[in-house]
Amino acid sequence: MIEVGFIIFLFYSNLLMGEFERSGIGQREGLARAVRDVLTAANFEIALMAALLGYILFEFLRKKF
(Lines give C-alpha, C1' and ligand atoms only; values in the text may rest on other atoms or scores of the structure.)
Protein backbone atom coordinates (compact mmCIF):
# COMPACT_ATOMS: atom_id res chain seq x y z
CA MET A 1 0.00 0.00 0.00
CA ILE A 2 2.83 2.40 0.76
CA GLU A 3 4.33 1.96 -2.71
CA VAL A 4 0.98 2.52 -4.41
CA GLY A 5 0.31 5.62 -2.32
CA PHE A 6 3.76 6.99 -3.10
CA ILE A 7 3.28 6.51 -6.85
CA ILE A 8 -0.09 8.29 -6.66
CA PHE A 9 1.53 11.12 -4.68
CA LEU A 10 4.25 11.50 -7.31
CA PHE A 11 1.66 11.51 -10.11
CA TYR A 12 -0.39 14.27 -8.51
CA SER A 13 2.63 16.34 -7.54
CA ASN A 14 3.84 16.16 -11.14
CA LEU A 15 0.43 17.29 -12.42
CA LEU A 16 0.31 20.14 -9.93
CA MET A 17 3.81 21.30 -10.85
CA GLY A 18 2.71 21.29 -14.49
CA GLU A 19 -0.09 23.71 -13.60
CA PHE A 20 2.54 26.25 -12.53
CA GLU A 21 4.59 26.13 -15.71
CA ARG A 22 4.58 29.07 -18.14
CA SER A 23 1.07 28.63 -19.54
CA GLY A 24 -0.56 26.75 -16.64
CA ILE A 25 -3.69 27.81 -14.79
CA GLY A 26 -1.79 27.91 -11.51
CA GLN A 27 0.20 31.01 -12.41
CA ARG A 28 -2.83 32.94 -13.62
CA GLU A 29 -5.55 31.87 -11.20
CA GLY A 30 -3.75 30.57 -8.11
CA LEU A 31 -3.25 27.37 -6.17
CA ALA A 32 -6.90 26.61 -5.42
CA ARG A 33 -7.84 26.67 -9.11
CA ALA A 34 -4.83 24.52 -10.01
CA VAL A 35 -5.72 21.92 -7.36
CA ARG A 36 -9.34 21.88 -8.55
CA ASP A 37 -8.12 21.35 -12.12
CA VAL A 38 -5.83 18.46 -11.08
CA LEU A 39 -8.18 16.58 -8.72
CA THR A 40 -10.56 14.96 -11.19
CA ALA A 41 -12.00 11.46 -11.47
CA ALA A 42 -10.12 10.84 -14.72
CA ASN A 43 -6.78 11.80 -13.17
CA PHE A 44 -7.49 9.57 -10.17
CA GLU A 45 -8.23 6.60 -12.45
CA ILE A 46 -5.00 7.18 -14.36
CA ALA A 47 -3.01 7.53 -11.12
CA LEU A 48 -4.51 4.37 -9.67
CA MET A 49 -3.85 2.32 -12.81
CA ALA A 50 -0.26 3.59 -13.03
CA ALA A 51 0.31 2.89 -9.34
CA LEU A 52 -1.01 -0.66 -9.54
CA LEU A 53 0.98 -1.44 -12.68
CA GLY A 54 4.11 0.06 -11.11
CA TYR A 55 3.60 -1.97 -7.95
CA ILE A 56 3.12 -5.21 -9.91
CA LEU A 57 6.21 -4.50 -12.04
CA PHE A 58 8.43 -3.70 -9.07
CA GLU A 59 7.26 -6.74 -7.12
CA PHE A 60 7.97 -8.93 -10.15
CA LEU A 61 11.47 -7.46 -10.50
CA ARG A 62 12.08 -7.69 -6.75
CA LYS A 63 11.27 -11.41 -6.75
CA LYS A 64 13.18 -12.12 -9.94
CA PHE A 65 16.42 -10.47 -8.85
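The residues of the chain expose, per residue, 80 Å² of accessible area to a 1.4 Å probe. Compared with the rule-of-thumb size 2.2 N^0.38 Å for a compact globular protein, the chain has a Cα radius of gyration ratio of 1.36.
Neighbours of Ile25 by Cβ distance under 14 Å: Lys/Arg scored +1, Asp/Glu scored -1, total 0.
The values are calculated or read from the model by the stated rules, or taken from the named source; none is laboratory data. Please read these numbers as outputs of a predicted model, since none were measured by experiment. All Cβ positions, glycine included, derive from the backbone under ideal geometry; neighbour counts span all protein chains shown. Quick note on the areas: whole protein, heavy atoms, side chains included, nothing else; ligands and nucleic acids left out. Shrake-Rupley method; radii C 1.70, N 1.55, O 1.52, S 1.80 Å.
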